[in-house]
Amino acid sequence: MASKFCFQALDKTLKDVMSTDSNSKLIFGGKGGRTDVETKEIDQFSKWLLKLGEGRLCEPNDGHAEIDIPREILIEQFDDPIVAIVDSTYLAFLDNHRSFGYLKSRAILASTIEVVDQINNHVLNMMPGESKEYYSSNSVDHSEIHDNSIMEVLTPEFLSSLRTSGLPNHIITLKVGTPIMRMRNIDQSEGLYNGTRLIVTKMANHVLEAE
């Protein structure tokens, strides 16, 4: 459950980041370079979030509560939810998928890693070009292991099956033009730090080039 103070803190923080007057009517500091229609929709959603934080989420409950979501922010007609959310968020994707401005102003938040994989696979299949698979290391370093019984559990097959937030999967499939995210600090002054989003420009066997 989320307290109303979470949303109010986010609203205040983004106003500070965007150098917006704290008394401004711009919800969340007006964050996001959008069209007038998109800005209106974001404002409606933001106001609903702030209202939600003052409503049923703060009431005593057993972990389940019915929340009324405004119909104007719902996608109601679709056959496949993954296709629907991608098409709604990334309009004209094939015409703009290598545009930095287009990509950095859009994002999809997913509830589970499995949903993230479904969205990534769908978007990758939409993109033109040949794909290439990259694998993580498929061996275990024995030098600091003193209990051999651990090796019966920590097999390469088991380690390769692990999927967790903040770590890439054992197998990553990419194409030239794929958006990726840097996971290590390289040169912060040049913007090459953990969380930097990039676009793949070349793929070799063991090295990626990205911009």
Can you pull out the residues in region 98-107 that are open to solvent by 50 Å² or more (accessible area, probe 1.4 Å) and in a loop (DSSP other than H, G, I, E, B)?
-> R98, A107
Pick from S139, S131: which is under 17 Å from H170 (Cα atoms), small (G, A, S), free of Cβ contacts under 8 Å to residues at least 60 places away in the same chain and in contact with a Ser or Thr (Cβ under 8 Å, 6 or more places away or on another chain)?
-> S131
Among the residues listed as S24, S19, S111, S46, the single one being closer than 29 Å to L198 by Cα, open to solvent by less than 50 Å² (accessible area, probe 1.4 Å) and either at pLDDT below 75 or in a loop (DSSP other than H, G, I, E, B) (or both) | S46
Screening S143, S160, S137 for residues that are part of a helix (DSSP H, G or I), more than 29 Å from F100 (Cβ to Cβ) and not aliphatic (A, V, I, L, M) leaves only S160
Region 171-198, residues that are in a strand (DSSP E or B), open to solvent by less than 100 Å² (accessible area, probe 1.4 Å) and more than 18 Å from H122 (Cβ to Cβ) | D187, L192, L198
Looking for whichever is modelled with pLDDT of 75 or more, surrounded by 11 or more Cβ atoms within 10 Å (Cβ to Cβ) and of a type in the set (D, E) here; the options are D79, D95, D117. Which one fits?
-> D117
Answer yes or no: is there a residue in region 122-130 that is in contact with a Pro (Cβ under 9 Å, 6 or more places away or on another chain) and part of a helix (DSSP H, G or I).
-> yes
Positions within region 178-210 being small (G, A, S) and closer than 19 Å to V116 by Cβ, in sequence order = G195
With respect to P168, determine if the residue is surrounded by 11 or more Cβ atoms within 10 Å (Cβ to Cβ) and either in contact (Cβ under 8 Å) with a residue 60 or more places away in the chain or at positive phi (or both).
-> no
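The values are calculated or read from the model by the stated rules, or taken from the named source; none is laboratory data. For clarity, every value in this text was computed on a predicted model and none was experimentally measured. Here the Cβ is made from the backbone with ideal geometry for all residues, glycine too, and neighbour counts use every protein chain on show. Accessible surface areas use protein heavy atoms only, side chains included; no ligands, DNA or RNA. Shrake-Rupley method; radii C 1.70, N 1.55, O 1.52, S 1.80 Å.
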